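Enquirer: Here you go, one structure.
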Amino acid sequence: MEGNDKNQALTPTEKAEIKGDPLPPPATGEPWGKTSLNPAEEFFLEGPRSRFEEFVRVLRVGIEFIHGFRSLHFVGPCVTVFGSARFGEEHVYYKLARATGAAIARRGFTVMTGGGPGIMEAANRGAKDVAGRSIGCNIELPHEQAANPYVDRFIEFRYFFIRKVMLVKYSYGFVILPGGFGTLDEMFEVLTLIQTGKVKNFPVVLMGTAYWRPLLEFVRDTMTKGGTIAEADFSLIFVTDDPEIAAAHVEKAAMSGSSGLRRRSAIAKPRTFWLFGERGL
């Protein structure tokens, strides 16, 4: 599981934790996607509707899938970076995410995030620091909040489950920094897909070891020992605070062959077709 040898020097976050120095508090700022922009999304989850309403909903879902497929097909192999929207640019995790975005982009990957502030902005910013490709992929937001200024393209979805499909379909790995419920949701969803064999050789990297330590201890000491997961499942998580090690781990898994990146590189670059609204970066 661990990306660094235990005998290596402690990370800045671990040193601060041992010394008792508190990490900078998150800069909460304005809410980011806290409520639904369209009440129709709430109605969708309230139970059965009329046959006509359900049919229209299926059409909308299909159209949104097509929009996602055509928008992301030409952005290149992506690595998705998750994390909280609440960290300001002086926070240690923001700086870590920025360095990680740069390390990922230098290896030729497109950096994908939710397109918002905090960790998302930092990773997109890191990609732009090294002239890499950077996109944001999020749920429709309240109050028409703008994307962070470091994305080449910002794609919005109405439904969470469609966004999740896109993130897995077009990503060759997840890099996860400290975050809240949404971050945990994405992490455990993809771990479940790996555990059940739906996706293979899909690296999941956790960064910010001090933040994740209690959760990892719970997974190892409670879930594994309790038999709710196998010991091998714990090894699906790779932990490091080094951006270069994280990027190299993702690249190694992506180039293993089963993920399709090697096969894709051998195929001619796909051409966009204006009739479907397709365009590259």
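Enquirer: Once you have all Cα-Cα distances for the stretch 82-179, histogram them in 5 Å bins from zero and send the whole-percent values.
Expert: 3, 15, 26, 27, 19, 8, 2, 0
Enquirer: Report, by chain and number, residues whose modeled amide H sits under 5 Å from the one on Val199, excluding near sequence neighbours (fewer than 5 apart, same chain).
Expert: Ile194
Enquirer: Pull up all non-local amide H partners of Tyr172: gap of 5 or more, or a different chain, and H-to-H distance under 5 Å with H placed in the peptide plane.
Expert: Those lying under 5 Å, H to H, from Tyr172 are Cys78, Val79, Thr80.
Enquirer: Full extension from Arg213 to Ala232: what is 0.36 nm times the residue separation minus their Cα-Cα distance, to one decimal in nm?
Expert: Taking Arg213 through Ala232 to full extension adds about 5.0 nm, to one decimal.
Enquirer: Right, something else. When the Kirkwood radius is taken over all Cα pairs of the stretch 212-252, what Stokes-Einstein diffusion coefficient follows at 37 °C and 0.692 mPa s, in µm²/s? Please list the in-between numbers first.
Expert: Working: Rh = 11.4 Å.
This corresponds to a translational diffusion coefficient of 289 µm²/s.
Enquirer: Multiply the residue separation of Phe52 and Lys164 by 0.36 nm, subtract the distance between their alpha-carbon atoms, and state the gained length in nm to one decimal.
Expert: On the way: separation 112, 0.36 × 112 = 40.32 nm, distance 2.64 nm.
Difference between extended and current length: 37.7 nm.
Enquirer: Short version: ³J(HN,Hα) in whole Hz for each residue of the stretch 211-228, in order, from phi by Karplus 6.51 cos²θ - 1.76 cosθ + 1.60 (θ = phi - 60°), x for Gly and Pro, what are they?
Expert: Working through the residues one at a time gives 5, 8, 3, x, 5, 5, 5, 5, 4, 6, 8, 9, 5, 5, 5, x, x, 7 Hz.
Enquirer: Additional query: Quick one: net charge around Val199, please, counting Lys, Arg +1 and Asp, Glu -1 for every other residue with C-beta under 13 Å from its C-beta.
Expert: Values: positive: Lys164, Lys169, Lys198, Lys200; negative: Glu189.
Net of charged neighbours comes to +3.
Enquirer: Amide H neighbours of Gly88 under 5 Å, at least 5 residues apart or on other chains, H built in the peptide plane: list them.
Expert: Result for Gly88 returns Ala27.
Enquirer: Ranking request for peptides 167-177, 61-71: highest mean number of other beta-carbon atoms within 10 Å first, then the rest in descending order. Spell out each step's value before the answer.
Expert: Values: 167-177: 23.0, 61-71: 15.4.
Top to bottom by mean Cβ count within 10 Å: 167-177, 61-71.
Enquirer: With θ set to phi - 60° and the Karplus curve 6.51 cos²θ - 1.76 cosθ + 1.60, what are the ³J(HN,Hα) couplings of the stretch 163-174 in order, to the nearest whole Hz, using x for Gly and Pro?
Expert: 4, 4, 4, 5, 5, 7, 4, 9, 9, 10, x, 10
Enquirer: OK, next. Quick one: what do you get for the stretch 76-261 if you divide its Cα Rg by 2.2 N^0.38 Å? Numbers along the way, then the final one.
Expert: Numbers: Rg = 15.6 Å, N = 186, 2.2 N^0.38 = 16.0 Å.
Dividing the Cα radius of gyration by 2.2 N^0.38 Å gives 0.97.
Each value in this text was obtained by applying a stated rule to the coordinates, not by laboratory testing. Keep in mind that this is a model prediction, so the values were computed, not measured. Glycine also receives a Cβ, built like all others from the backbone with ideal geometry; neighbour counts cover every protein chain displayed.
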